[in-house]
Amino acid sequence: MTYGTFDLLHWGHINLLKRARVLGDHLIVGLSSDEFNEIKNKKSYHSYENRKLILEAIRYVDQVIPEHSWEQKIDDIKKYNVDVFVMGDDWKGKFDFLKDYCEVVYLPRTVGISTSKIKKDLFSVKNG
Ligand code: C2G
């Protein structure tokens, strides 16, 4: 299982999902709701419904559920019988408390791409 906003889907997201998928046989993505994004101080370009539609089209993703809060992970792990929890290593250590419930894996982030980089680069192109 993994969680995230996955806005303006890019190859860094795909690399994460691809590597996460092979750690098990069914990948669930806890997709941040628009409301939870506000709590994370993130404003996504695509709505939750459209980010969900995009994620569900990815071959590595088997199921998408909403992420409404920081506190839902333990319940999700129990509810969905999660064996492995996976995140990019920008989160390294932040979810070690989940080790009591499942394996916790932090994967190296893909260097050179991010949703904020895309927005920044597009903004500078537009403004010359
Ligand atoms: N990611 C990556 N490489 C990048 C960009 C992102 O590996 N170049 C990974 C992140 O580490 C994360 C996932 O892709 O595991 C989704 O990234 P975001 O949509 O930015 O997710 P985030 O805002 O970190 O939300 O409860 C956890 C949060 O919802 C995580």
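The values are calculated or read from the model by the stated rules, or taken from the named source; none is laboratory data. Treat the numbers as computed from the prediction; the structure is a model and nothing was measured. Using ideal geometry, Cβ is built from the backbone for each residue, glycine included, and neighbour counts are taken over all protein chains shown. Heads up: the accessible areas ignore ligands, DNA and RNA and are worked out on the full protein's heavy atoms, side chains in. Shrake-Rupley method; radii C 1.70, N 1.55, O 1.52, S 1.80 Å.
Quick look at the values:
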| read-out | value |
| --- | --- |
| Simple label model, 7 Å out from Cα along Cβ direction - VAL111 to GLU71, nm | 4.0 nm |
| VAL84 - accessible surface, heavy atoms, 1.4 Å probe, Å² rounded to 10 | 20 Å² |
| Accessible area, probe 1.4 Å, largest first, for residues ILE65, ILE14 | ILE14, ILE65 |
| Two-site label geometry, ALA57 and LEU9: point separation in nm, points 7 Å out along Cα→Cβ | 0.6 nm |
| Vicinal HN-Hα couplings computed from phi for the stretch 79-96 (Karplus, 6.51 cos²θ - 1.76 cosθ + 1.60; Hz; Gly/Pro x) | 4, 9, 6, 6, 8, 9, 9, 10, 9, x, 6, 5, 9, 3, x, 5, 10, 5 |
| Gyration tensor (alpha-carbon) shape descriptor, the stretch 15-120, a/c threshold 1.5 | rounded |
| Residues whose placed amide H lies under 5 Å from that of TYR3, excluding near-sequence neighbours | GLY30 |
